[in-house]
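These notes are about the structure you will find just below.
What follows draws every value from the coordinates through simple rules; no lab data is involved. What you see is a predicted model; the values in this text were computed from it and never measured. FYI the Cβ positions are ideal-geometry reconstructions off the backbone, even for glycines, and counts take in every protein chain you see.
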Amino acid sequence: METMIDILSNSALNHFITSHSWVWPTLEMFHFLGLCLLLGSLLIVDLSVIGFAPNISLRLVDKFIIATLIGFAFNAATGLLFVVGDPGRYFINIAFRIKILLITVAGLNALYFTFRVRPRIQAGASNFNELSLDARLSTALSLCLWTSIIVLGRFIPYVEDL
Amino acid sequence: MDILFALEDSSIGVMISSSIWGYPIALSLHALGMGVLVGISVMLALRILGFADAIPRSAVMPYWRLAQAGFALNLISGTALFMGSAASLGLNWALYAKFICLIVSLFLTYRMVKVGYRTQGDVNRKDRHLAVAAICSWVATIIFGRLIGYIF
């Protein structure tokens, strides 16, 4: 890990991020915009599956996942630049480590939803009650994971001594 | 200025500024509220603009209720955060710019949601402009929100 921190700390990208005062706040703005796209679209998809807006067809609501993916791409790119810009701070941070772990779990859950739950929805399940227990759990887990990921992201600067 | 100092010295102000977890907890709730309010508002605006057009507009508009809950969360957490650093935040121009953008964003989104409930067929050009203005206004709100931490 020390080697990785050294490599990133001495990279040209790190120098660019740290030597221009406008870069970090700009990255933060894009990170927050990505967060809004991701969470807003995910809430519409997951809560529709749960039954919040019963007039939305479950077969159509996954169109909003495009916005989720765009939001995630924004956040992955800006998040990567945060790490390159200050690797010594992030790699050892407990909140950051748990956040990355939960993002990985959320990614696996998204794959499960795509390949196991979505085909059942496309095959005819039109509301929450017609979905199996694992489908309901996958949807609820998605909301819990992304809520936790946002909270952990905000905690990163405040747990540096832990 | 006395009012700002009084807010900082209040029990909520002291809890936010002096306790270990007060500030990060309020900040986390503010981020979640922002994600819910802005995220859903932008999704509704995108739907007005024709995104996911297979879904009836009026079917997604009930999510505005959830966005309002996000706003309530932000109002409470934002007030607590302000009380924690009232003396410095009270002089921060980015905060006031954010407030103006927030009020404009809420007004535009409220009008846009009414359009979403009312219109069955294609939305007209004016309604599309309303949705674009709402998205731009929300983006400006976030930009000024982030700038608050960089203005001293």
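Some points to look at:
- Within-13-Å neighbourhood charge of residue A:125 [Cβ basis; K, R +1; D, E -1]: +2
- The stretch A:84-144, Rg to Rh (Cα coordinates; Rh as Kirkwood inverse mean 1/r): 1.21
- Take each residue of peptide A:147-153, count the partner chain Cβ atoms within 10 Å of its Cβ, and average: the result is 3.
- Candidate aspartates and glutamates - alpha carbon under 15 Å from residue A:99, same-chain residues fewer than 8 apart omitted: A:160
- With both labels modelled 7 Å from their Cα along Cα-to-Cβ, the residue A:77 to residue A:108 distance reads 2.9 nm.
- Estimated FRET transfer efficiency when R0 is 35 angstrom, pair residue A:144-residue B:1 (beta carbons, to 0.05): 0.20
- Using the average count of surrounding beta-carbon atoms within 10 Å as a protection proxy, the listed peptides B:36-47, A:15-26 rank, highest first, as B:36-47, A:15-26.
- Neighbouring Cβ atoms from other chains, within 10 Å of the Cβ of residues in A:105-112, number 0 on average.
- Over the stretch A:74-116: Kirkwood hydrodynamic radius from C-alpha pairwise inverse distances, Å: 11.5
- Shielding by partners - mean other protein chain Cβ count within 10 Å, residues of A:50-60: 4
- Across the stretch A:1-135, Cα pairs under 8 Å and at least six residues apart give a relative contact order of 32 percent.
- Backbone HN-Hα couplings from phi across the stretch A:16-30 [Karplus 6.51/-1.76/1.60, Hz, Gly and Pro as x]: 5, 5, 7, 9, 10, 5, 7, 5, 4, x, 5, 4, 4, 4, 5
- Where labels lie 7 Å past Cα in the beta-carbon direction, separation of residue B:9 and residue A:3 in nm: 5.9
- Listed by chain and number, the lysines whose alpha-carbon sits under 30 Å from that of residue B:126, ignoring those within fewer than 8 places in the same chain, are A:63, B:98, B:114.
- Helix-only arithmetic for chain B: the sum of -39500 (n - 2.57) across DSSP H runs with n ≥ 4, divided by the residue total, places the mean residue ellipticity at 222 nm at -26500 deg cm²/dmol.
- Directionally averaged shadow of chain B, computed from the convex hull of its alpha-carbon atoms, nm²: 9.4
- Its DSSP H runs of at least 4 residues, each contributing -39,500 (n - 2.57), put the calculated 222 nm mean residue ellipticity of chain A at -24000 deg cm²/dmol, to the nearest 500.
- Note: relative contact order over chain B, using C-alpha pairs below 8 Å and six or more positions apart, is 33 percent.
- The value for the protein assembly as shown of Rg(Cα) / (2.2 N^0.38 Å) is 1.06.
- Taking a sphere under 12 Å around the Cβ of residue A:148 and counting the other residues whose Cβ falls inside, with K and R at +1 and D and E at -1, yields a net charge of +2.
- Label positions at residue B:18 and residue A:50, each projected 7 Å from the Cα along the C-beta direction, are separated by 3.8 nm.
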